[in-house]
Structure formats: C-alpha cells, structure tokens
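The values are calculated or read from the model by the stated rules, or taken from the named source; none is laboratory data. These numbers were taken from a predicted model, which means no experiment stands behind them. All Cβ positions, even for glycine, are placed from backbone atoms using ideal geometry, and neighbour counts span all protein chains on display.
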C-alpha cells in the first residue's frame with residue numbers, strides 16, 4: 001500500500017520505518033530541513049533502539065523516503081498525521097499543527113484517501129477534520145498511538161491493542177490491514193471514544209504514579225517500606241506491577257499535557273475530574289518534598305549548596321528531557337540558591353539550551369558532577385549509576401548525602417562507601 005506520514009518525530013519516524021519494514025511504500029514528510037537531510041543520509045536524530053537499523057533497511061530497500069513537500073503525498077492511499085499537540089496556556093491542546101497539516105492534505109490528496117490522526121487530540125477533533133474534508137472525498141480516522149519512548153519499535157511490532165475510531169467501516173478496514181494479523185487486540189469504536197480512550201489511559205497512569213509517590217511519603221512517616229507495599233499491591237492482578245515505582249514525579253512529552261487537556265475537556269463539559277487534578281498537584285509537590293529532604297540532610301544550607309543531579313532525562317533509555325522532573329526540580333532548587341551540576345549517560349544528545357534555561361550545568365563525567373557535592377540526587381533510573389565507583393565519589397565529596405528518588409541504589413553499598421543515603425518511601429528515607 002502507498003502510505004504517507006506527516007511528522008518525523010518519535011511517533012512519526014517509528015510509524016514510517018515500521019510500515020516500510022512491512023514493505024509498504026512509505027513517504028515521510030516534515031518541515032525540518034536539517035532533520036530530513038540527516039534521515040535521508042541514514043542518521044537517526046532521536047535515541048530510540050531499533051530505529052537506526054530499520055531506517056537503514058528501508059532506505060536500502062527503497063520502501064522509505066523523506067521529503068519536505070506535501071506534493072509527494074498526492075498518490076498516497078493512507079496518510080498518518082503525527083505532529084505535536086502541545087498544551088496551551090489554559091491546558092487545552094494546541095491544534096495549530098493539526099490544522100495546518102489538514103489544510104495541506106485537503107489540497108493534495110486524491111478522493112477516497114484516508115487521513116489517520118495518530119497525534120493525541122481532544123474529543124471531537126477527528127469528526128471536525130472529517131467535516132472539513134467532506135467536500136474532497138477524503139476520509140478521516142482516529143488511530144491513537146500507545147508507543148513508549150525507548151520501546152517504540154517493540155510496541156509498534158507487538159502492540160497490546162490497536163485502537164481505531166471511525167464512522168467509515170471501509171476506512172477502518174484499510175487502516176487495520178496496515179498492521180497485519182500480528183499481536184494485539186484491535187478495538188474499533190467511534191472517533192470520540194478512541195480520542196477519549198487515549199487521554200483516559202495516560203491520565204490513569206499519571207494517577208497511579210502520583211498515588212505511589214503519596215504512599216511513599218506516608219511510608220517514610222510510619223516506618224514502612226514502599227518497596228514492600230507496592231510488591232504486595234502489584235501481586236494483585238487487578239492492580240498489576242507496572243507504574244508502582246516511586247520517583248521524582250512524572251514528566252515527558254505525554255502525561256503532563258494529556259492530563260491538562262483532559263481536565264480542560266472536563267471543564268468544557270461541566271465534569272470535574274478530581275482524581276486527575278489531585279495527581280497533578282501531587283506531582284508538583286514533589287519539588288518541595290525533595291527540597292525539604294535535602295535541607296534536612298545536608299550539612300550546608302540549601303542556599304549555599306552544590307548538588308549533583310544524576311540523570312536529566314525524564315526516564316532511562318531516552319535522550320528526551322521534555323518536562324523532565326529532574327529539570328523542573330533542579331530549576332526550582334537553583335531559584336532557592338543551590339548550584340546544580342548534572343550528568344546523564346545521554347548528555348551528548350540532550351538539548352543543552354533547555355538545560356541552560358533551568359540553570360543546570362551539564363558535564364560528561366559523573367565524577368566531575370559529584371566532585372565536592374553536598375548532595376547527590378538520583379533523578380533517573382539509569383542502571384549505570386549502580387556501577388559507579390562510590391568510594392571514589394565519597395573521597396571527593398566527603399559528607400555528601402545521596403538522595404535516591406528512584407530507590408535505584410543499594411543503601412548498604414552507599415553507606416559502606418562512606419556516604420549518607422536517603423531512599424524514597426523507606427524507613428530512614430524521605
């Protein structure tokens with residue numbers, strides 16, 4: 001089938017290379033000329049396992065190409081729209097990019113072509129797009145993505161569900177056929193149900209994480225251990241083990257904006273979603289919680305301290321720092337007078353301009369970051385941090401306290417090295 005993809009970010013690029021792998025004739029269009037040049041030369045501009053190999057294979061086989069021209073999509077049967085929908089000032093999703101793309105596609109595609117919205121969009125958007133396209137004969141389908149960063153290729157190949165929202169059964173059949181008869185249940189429903197399902201799923205994950213962080217705070221007050229508590233909870237199949245790990249809060253490109261957009265939709269229709277509102281409040285409170293732990297445990301006052309931030313990305317396995325809790329918390333600590341020196345295994349791929357906006361000085365050596373630190377905060381669950389030479393760190397940062405927001409490290413190993421250790425939701429932690 002002749003397929004087009006608009007947007008060469010995480011979602012769009014993964015969609016394009018995976019469809020090309022299935023031998024669909026795939027064209028990916030983007031407005032970023034530099035990105036297009038890099039992709040055409042075989043260079044992947046994002047840190048995503050499996051993408052480099054699939055990109056190279058698609059280019060070599062001729063099933064994948066990149067362009068900055070919408071005219072390249074004129075003969076496409078299906079075009080996936082994978083462009084950003086960031087939060088506006090009131091929490092609503094900004095559909096500027098969607099509107100521009102739809103305008104271009106309306107003037108480019110042939111009748112009976114199918115526009116597939118993979119971008120996360122508010123309820124009613126797909127039907128609005130269909131109304132705009134009605135006079136052209138072009139059809140619109142909702143097909144929200146559920147790709148995890150650092151697992152995007154795996155998730156595309158092995159989806160736990162494929163969600164298709166459409167009022168046109170023929171169009172839904174065509175979209176479903178692109179995925180083949182592999183793993184994952186195909187769920188077909190109205191566009192409105194599909195759009196709300198995506199927001200509802202992400203909001204539920206945010207609620208689950210915030211609930212775990214609230215429990216962690218309670219554990220530290222009553223002498224319980226969050227690891228034991230969540231191990232018991234996760235053994236119940238009705239709850240499950242995923243997203244029960246405490247941390248510095250949730251971030252990334254999805255949960256912050258999607259919870260805000262869901263709340264905005266609720267307000268528009270007179271429906272309060274206090275669980276989601278509370279999850280956002282709890283998430284924002286993590287900054288004060290971690291700052292308080294540092295103030296209590298450091299020998300130096302927070303306003304005159306040097307703090308090493310281990311991990312800058314919003315989670316391990318990616319170079320993405322969008323809405324990273326590490327940066328949000330570090331930025332707030334600098335406002336309170338602390339000096340933050342950060343290290344991340346992906347530091348060479350990180351947007352350093354964004355780091356500077358948060359007043360974080362990034363270095364490419366963890367031992368430089370931790371030198372003479374009053375505190376060392378583990379923000380991201382990179383397994384490499386377990387293998388650091390902690391006795392060496394203790395020698396160059398005597399008296400430092402390690403605040404492990406992810407409970408990644410072995411407490412005794414840190415204490416044996418000569419450092420203080422505070423775990424998240426532990427008996428002697430915070």
Checklist entry - Looking at 290, 307, 239, which is the one that is more than 16 Å from the chain's Cα centre (by Cα), outside any helix (DSSP H, G or I) and buried (at least 23 other Cβ atoms within 10 Å of the Cβ)? => result 307
Item to check | Pairs, first at positive phi in region 90-109, second part of a helix (DSSP H, G or I), C-beta under 8 Å, six or more apart | outcome: 91/260; 91/261; 91/263; 91/264
Item to check | Whichever residue in region 6-37 is closer than 13 Å to residue 68 by Cα and in a helix (DSSP H, G or I) and, among such residues, is nearest to the chain's Cα centre (by Cα) | outcome: 35
Item to check | Filter result for residue 152 (touching a strand residue (DSSP E or B) at 6+ places or on another chain (Cβ under 9 Å), at pLDDT 95 or above and closer than 27 Å to residue 259 by Cβ) | outcome: no
Checklist entry - Of all residues in region 339-356, which are part of a loop (DSSP other than H, G, I, E, B) and either closer than 19 Å to residue 371 by Cβ or touching a strand residue (DSSP E or B) at 6+ places or on another chain (Cβ under 9 Å) (or both)? => result 344, 345, 350
Item to check | Flag for residue 200 being surrounded by fewer than 18 Cβ atoms within 10 Å (Cβ to Cβ) and assigned by the TED database to the domain that holds residue 274 | outcome: yes
Checklist outcome for this item: When every residue in region 90-119 that is in contact with a strand residue (DSSP E or B) (Cβ under 6 Å, 6 or more places away or on another chain) and part of a helix (DSSP H, G or I) is compared, the one nearest to residue 171 (Cα to Cα) is 105
Next on the checklist: Could you check region 347-361 and list, in sequence order, the residues that are under 17 Å from residue 248 (Cβ atoms) and in contact (Cβ under 8 Å) with a residue 40 or more places away in the chain?
Outcome noted: 355, 360
Checklist entry - Any idea how many residues of region 231-254 are free of Cβ contacts under 8 Å to residues at least 60 places away in the same chain and touching a helix residue (DSSP H, G or I) at 6+ places or on another chain (Cβ under 7 Å)? => result 5
Checklist entry - Being surrounded by fewer than 20 Cβ atoms within 10 Å (Cβ to Cβ), in the same structural domain as residue 251 (by the TED database), at pLDDT 95 or above and under 19 Å from residue 296 (Cα atoms), is that true of even one residue in region 360-379? => result yes
Checklist entry - Among (1) at pLDDT below 95; (2) in a helix (DSSP H, G or I), which single condition is residue 300 missing? => result (2)
